[in-house]
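The values are calculated or read from the model by the stated rules, or taken from the named source; none is laboratory data. Note that this is a predicted model, so its numbers are computed, not measured. Quick reminder, even Gly has a Cβ in these numbers, built from the backbone with ideal geometry, and neighbours come from all protein chains shown.
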Amino acid sequence: MKNSKPMIDRYTWYETIGIYAGIAVLMFFVLAPFIEGFLVSLKPLALLFSSPYSFWPENGSFTAYFTLWDRVPMMGWYIFNSLLLAFVITVVVMCLVVPAAYAFARFEFPGRGALLGAFLAVNMFSGAVLLIPLYRLMRSLGVLNTYFAMIVPGVAFLIPTAIWLLRAYMMRIPRELDEAAWVDGASRLYTLRRVILPIAMPGIMVAAIATFIGAYAQQFIFALTFNSKTEYMPIGVGLFAFFGRQEVIWNELMAACFIGITPALLIIVFLQRYLVAGLTAGAVKQ
Amino acid sequence: MSQLVLSDLRKSFGDLEIIKGVNLDVSEGEFVVFVGPSGCGKSTLLRMIAGLEDVSGGEIVIGGKQVKDLPPVKRGIAMVFQSYALYPHMSVFENIAFPLRVEGLSEDKIKERVGAAAKVLQLESRLQQRPGTLSGGQRQRVAIGRAIVRQPKIFLFDEPLSNLDAALRTEMRVELMSLHQKLGSTMVYVTHDQVEAMTMADKIVVLNAGTIEQIGSPLELYHKPDNIFVAGFIGSPKMNFLSGTVTASDRGNVVVDLGKVGTIKLPRGGHPDLVGKTVTVGMRPEHLALGEDKFSFEVTPGIVERLGIHTLAYCTLADGKNFVALFEGDPEINQGVSFTVGIDPAKCQLFDSDGIAVHKESQSGMHSS
C-alpha cells in the first residue's frame, strides 16, 4: 500500500488508536463540565433532582433557552455589559501596551529590569487581595457603581501579562529593521507605526485575545465588589438572578451561560484568523 | 576632494576601547573596503560613519561638514545591512520607496525614482512581490535599491554578500562593481573576506583590534605589506613565515640564517643594527616553483590538494615547521616524497623582530625593485 505520509509521521494501527484514545481522554477531562452543563440546560428542572441521577436528558428540549428571557429580562443587558467591558478593557490595554512593549523590547533605560519585575510582581497578587484598598480608593474617587469602576482595575491587572507577551514577540523582530528605518530618516514613532506594528500584528492579536479572555473572566470579582447597579452588571454577576429564594433554576442558568459565552467565543474565533504565522519571512536572512 | 574624513576616531564600550584612533581620508568616487578578522571593529567603524553608534572621540567629516552629532539621514549616507533588513510586510516597491515616503515626496516623484532604481537593479518585474518570495540575490538588490533612491553621497555596505552562497557572491560582486562604475558614488564596504577586498577595492583599509594596520591599493598591500599582520591577512593561501637570524646586513643585502632550511640573501637596504636580530622571512605560496632557483630548499608534502588550475601542497620543512606551496597546473608531487622548491629572494618579505616590514628602499634610499 502506498503511504503518502513521510516516514516520521507514520504510525502502526495500534499506535494510532493509542494516540486518539489519549486525545479523547484529555478532551473529555477538559470538556466534561461543558458537556454536563449543556446536558443540564436541556433537561426539565424536575429531572435534575431525580434519583438515581440520569446524565442523559430524556425528553430533553431547548425550552430553557426561551423561558430564561422571561424569568430574567435583563439577561440581554448582562451579556452586552460583559462584552462592552471586555471590549473597552482590551482596547485600552492594547493602546497602553503596544508602545510600552516596544519600549521594553528596544530601549535601554535605567530601571527597565526593575519595572518589568514589578509588572510581574503585580501579576502575582490576585485581584481579590487588593479588593478592599481598591474599594476605598474607588469610593473616595466617587466612581463606585459605574462602568469606570470595573474597567480601570480590569485594565490594571491585565497590563503586565500583555506587556510580557508582546515584548517577547517584539524582541524577535530584528533590530536591523529599526536601524534601517532610522538610517532612512524615519522617526521612532514612524518606525513603530509603519514597520513594527504591521510585523507585530500576530503578536498583538495573541495579546489582545489573552486580554479579552482575561477581561471576560476577571470582571466578575470587580463587578461584584464595585458595582451594585443591576443595569451595569456583567453576565458573571447577572447569573445570580437565577438563584431564587427557594431553588436555583439550573437548566435556565446553564442555558444563559452558553448564550453568554457564544458572543465572546465568536469574537475569539474571528480574531484567531489574524494569527498568521511566518509574517516576518524574508525580513532578514537568519 | 576628500569626501569622507575620519580623524582620530575612537569608540569605547565602558572601559573597553573598540576603535583606537582611526585616521582615514576617502576621495569622491572611491571604493573603500574595510577588511579585518572578526571582532576587529570594522563593522563598528562603519556604524559610526552611518550614525548608528555614538562617537567616543575624534571627528567624522562628510563633504566638508562635521557630522558626528547628526542623525544618519542628515549625513548624506545610505546603508545596506548584512541581513538586508527588508520590511517583510511591504512589497518590493514599497520597500524601495520607504525612504522617499519618509522624506514626503510626491507620488509621481516616488514612482519615477523607484522605477529608475528598479531598472538599474533589474527588479522591474518584481516590484509587486513581497521580499519573502525573492531569492537571496534579489533581496540583496532590493536592499541596494532602497539605498540608491536616496541618492546619497556615500554608500555604506556592511558585509552585504556574506549571506549568499559562493556562486551568487561572485555574481553579486561583479554586479556591485558595475553599479559603482555606473553611479560613480563613494562606497565604503565592510567585509572579512580578503578576496572581496582584493577584487573590489580601490583602497583597502586593513583593521586589526581597533587600529588601522595599513591603507593602500590591493596590489600595494599584496606586494608591500607594512607588517606581518597585513602580509598574513592579504593573500590566499596565507603567506609562509620562517624565522631566522640576520648574519649580515648592509645597503644592498640582508643575509638571514633560516636554520636547517638554509641561508637566504635578500636584496634589502638593511640597517647594520639588524645583525644578530631575530627576523621573519615571508614567502607567498604562489611565488614558489618546483626545482632550483636563487634560493632553494627541500619540502616534504603531507596533504596535496589538486584543483586543476593549480595544486596546493601542505608540506613540512627540514626543521619540522609547516609550509604551504602552490604550483600551477598539476605537477608530479606525491605525499611523503620530498622535493626541491625554489624562490626568487626578491619576492620574499622581511620583517624585523617587531613584525614591521624591512622594505627594499627603506633606510637606505635605494629604489631598485
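Please tell me if residue B:178 is assigned by TED's automatic domain parsing to the domain that holds residue B:313 and of a type in the set (S, T, N, Q). Against the criterion (assigned by TED's automatic domain parsing to the domain that holds residue B:313 and of a type in the set (S, T, N, Q)), residue B:178 does not qualify. When the range A:112-142 is filtered for residues that are of a type in the set (Ser, Thr, Tyr), surrounded by 11 or more Cβ atoms within 10 Å (Cβ to Cβ) and at pLDDT 90 or above, only A:135 remains.
Scanning the range B:115-136 for residues that are within 14 Å of chain A (Cβ to nearest Cβ) and surrounded by 12 or more Cβ atoms within 10 Å (Cβ to Cβ) turns up B:117, B:126, B:129, B:130, B:131, B:132, B:133, B:134, B:136. For the range B:267-278, filtering for residues that are in contact (Cβ under 8 Å) with a residue 40 or more places away in the chain and either surrounded by fewer than 23 Cβ atoms within 10 Å (Cβ to Cβ) or in a loop (DSSP other than H, G, I, E, B) (or both) leaves 7.
Yes or no, residue by residue, for (1) assigned to a loop (DSSP other than H, G, I, E, B); (2) out of contact with any Leu (no Cβ under 9 Å at 6 or more places or on another chain):
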| position | (1), (2) |
| --- | --- |
| B:98 | no, yes |
| B:112 | no, yes |
| B:116 | no, yes |
| B:144 | no, no |
| B:163 | yes, yes |
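Can you list the helices (runs of 4 or more DSSP H) lying wholly within the range A:1-100 that have 2 or more residues being within 30 Å of residue A:215 (Cα to Cα)? Per the criteria, A:13-42, A:63-71.
Taking the range A:130-163 only, how many residues are touching a helix residue (DSSP H, G or I) at 6+ places or on another chain (Cβ under 7 Å) and in a helix (DSSP H, G or I)? So the count comes out to 18.
This table checks each residue for (1) in contact (Cβ under 8 Å) with a residue 60 or more places away in the chain; (2) surrounded by 11 or more Cβ atoms within 10 Å (Cβ to Cβ); (3) among the charged types (D, E, K, R).
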site	(1), (2), (3)
A:25	no, no, no
A:31	no, yes, no
A:41	yes, yes, no
A:76	no, yes, no
A:87	yes, yes, no
A:90	yes, yes, no
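You will find that of A:203, A:214, A:236, the residue that is in the same structural domain as residue A:151 (by TED's automatic domain parsing), of a type in the set (Gly, Ala, Ser) and under 13 Å from residue A:98 (Cβ atoms) is A:203 and no other. Each residue in the range A:166-189 was checked for being touching a residue at least 12 places away in the same chain (Cβ under 8 Å), charged (D, E, K, R) and over 17 Å from residue B:82 (Cβ atoms), and 2 of them qualify. Just one residue in the set A:200, A:223, A:256 is under 21 Å from residue A:146 (Cβ atoms), more than 15 Å from the chain's Cα centre (by Cα) and not aromatic (Phe, Trp, Tyr); that residue is A:223.
When each of B:250, B:257 is tested for being closer than 23 Å to residue B:299 by Cβ, charged (D, E, K, R) and without any contact (Cβ under 8 Å) to a residue 24 or more places away in the chain, the lone residue that passes is B:257.
Considering the range B:29-72, the residues that are free of Cβ contacts under 8 Å to residues at least 12 places away in the same chain and outside any loop (DSSP other than H, G, I, E, B) include one that is nearest to the other protein chains (Cβ to nearest Cβ), namely B:65. Among residues of the range B:150-176 that are among the small types (Gly, Ala, Ser), those with a beta-carbon under 9 Å from a residue that is in a loop (DSSP other than H, G, I, E, B) at least six positions away or on a different chain give the pairs B:162/B:82; B:162/B:192; B:162/B:193. When the range B:190-209 is filtered for residues that are assigned to a strand (DSSP E or B) and under 20 Å from residue B:30 (Cβ atoms), the ones remaining, listed by number, are B:190, B:191, B:203, B:204, B:205, B:206, B:207. Residue-level check: of (1) touching a Lys or Arg at 6+ places or on another chain (Cβ under 7 Å); (2) in contact (Cβ under 8 Å) with a residue 60 or more places away in the chain; (3) over 29 Å from residue B:250 (Cβ atoms), residue B:353 misses just (3).
Here's the yes/no breakdown for (1) in contact with a Phe, Trp or Tyr (Cβ under 6 Å, 6 or more places away or on another chain); (2) within 20 Å of residue B:116 (Cβ to Cβ); (3) of a type in the set (S, T, N, Q):
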residue: B:158; (1), (2), (3): yes, no, no
residue: B:162; (1), (2), (3): no, no, yes
residue: B:165; (1), (2), (3): no, no, no
residue: B:170; (1), (2), (3): no, no, yes
residue: B:173; (1), (2), (3): no, no, no
residue: B:178; (1), (2), (3): no, yes, yes
residue: B:183; (1), (2), (3): no, yes, no
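Taking residue A:149, is it in contact (Cβ under 8 Å) with a residue 12 or more places away in the chain, of a type outside the set (Asp, Glu) and over 30 Å from residue A:79 (Cα atoms)? No.
Looking at this structure, is residue B:194 away from chain A (no Cβ under 14 Å) and at pLDDT below 90? It is true that residue B:194 is away from chain A (no Cβ under 14 Å) and at pLDDT below 90. Scanning the range B:183-219 for residues that are among the charged types (D, E, K, R) and out of contact with any helix residue (DSSP H, G or I) (no Cβ under 7 Å at 6 or more places or on another chain) yields B:193, B:202, B:203.
The requirement of being in contact with a helix residue (DSSP H, G or I) (Cβ under 9 Å, 6 or more places away or on another chain), more than 13 Å from chain A (Cβ to nearest Cβ) and surrounded by 14 or more Cβ atoms within 10 Å (Cβ to Cβ) is fulfilled somewhere in the range B:77-96, by at least one residue.
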